[in-house]
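Following: one structure in C-alpha cells, then a few remarks.
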Amino acid sequence: MSRQGGSTGPGSGTSTGPTSGPELVKEFPPAKTGKPVKVFPFVERIGLEELLSVRGRAVVRLPLEPNVNHVGGMYAGALCTLAEAPGGSLFLSAFDIKRFYPIVGELCVRYVAPATTSVLVEGLMSEEEIERVTAELESTGKSKWEIEQELVDETGKVVATSTATYFGLSR
C-alpha cells in the first residue's frame, strides 16, 4: 500500500504525490460544474459530482446543500459517501468491469474541521498499483488495495482525511 495522490499535471493519470488543497481548488473551482453521479439514487440525492475520471485519477465534489447538518456544516455521513466515491471511479477507469467489480472493505474518516462549503476529494492509484491489482485479479480473481485521501473545502483547507480499503473480485 502506498499513499495515492497528485499528478504530473491537470487531468493526468500519472501520480507523483498528493495535490495540495489549494492546487486542487484552483484546478476545480466551485464555479466549474461536474457530471452528476446518478449510479445510485442516494448518491444522486446528495448531489455528488464527478469532476474528473481518468485512469489512475478521480476528482469528486459534494455540495454543501442539501447536506447541511443541525449546526450548519456538512453532514458527516455525506462526507463518508464523498470519501468512498473516488474508489469506484478509479476502478471503472482502470479495470475490466465486465469481469471484475469493486467493493469497499473498510472506510475510516477522520474529521478535522467543519465543512461549511462544498468539498472536493481526489483519489489516485499509481500505474504500478494498477498493474499489481490487475495481475492479482487476472491470476486469483481478487485483489486488495488502500487509498488515502484528503477532503478539502472551497478554500483548500483539509476538513477530513480518509483511508479506504477496497477489494476487487471476479464476477
Would you tally the residues in the range 95-125 being within 24 Å of Gly34 (Cβ to Cβ), in contact with a helix residue (DSSP H, G or I) (Cβ under 9 Å, 6 or more places away or on another chain), open to solvent by less than 70 Å² (accessible area, probe 1.4 Å) and not charged (D, E, K, R)?
-> 12
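Glu84: open to solvent by 30 Å² or more (accessible area, probe 1.4 Å) and assigned to a helix (DSSP H, G or I), yes or no? Walk me through how you get there before you give the answer.
Details: open to solvent by 30 Å² or more (accessible area, probe 1.4 Å): yes; assigned to a helix (DSSP H, G or I): yes.
Against the criterion (open to solvent by 30 Å² or more (accessible area, probe 1.4 Å) and assigned to a helix (DSSP H, G or I)), Glu84 qualifies.
Out of all the residues in the range 138-171, which are of a type in the set (A, V, I, L, M), open to solvent by less than 10 Å² (accessible area, probe 1.4 Å) and more than 12 Å from the chain's Cα centre (by Cα)? Break it down stepwise before answering.
Within the range 138-171, the first condition is being of a type in the set (A, V, I, L, M), and the residues that meet it are 147, 151-152, 158-160, 164, 169.
Filter once more, so that each one left must be open to solvent by less than 10 Å² (accessible area, probe 1.4 Å): 147, 151-152, 159-160, 164.
Within the range 138-171, Val159, Ala160 qualify.
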Residue satisfying condition, being of a type in the set (Val, Ile, Thr), touching a Cys at 6+ places or on another chain (Cβ under 6 Å) and in contact (Cβ under 8 Å) with a residue 24 or more places away in the chain, within set Thr163, Thr134 = Thr163
Note on the range 135-155: residues farther than 14 Å from Ala94 by Cα and part of a strand (DSSP E or B) are Lys142, Lys144, Glu146, Ile147, Glu148, Gln149, Glu150, Leu151, Val152, Asp153
Just checking, how many residues over the range 87-119 are part of a helix (DSSP H, G or I) and farther than 18 Å from Leu151 by Cβ?
-> 4
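The values are calculated or read from the model by the stated rules, or taken from the named source; none is laboratory data. Keep in mind it's a predicted model, so treat the numbers as computed, not measured. When we count neighbours, we look across all protein chains shown, and the Cβ atoms used for this are built from the backbone with ideal geometry, even at glycine. The protein model used for the area step is the full one, side chains on, heavy atoms only, and it has no ligands, DNA or RNA in it. Shrake-Rupley method; radii C 1.70, N 1.55, O 1.52, S 1.80 Å.
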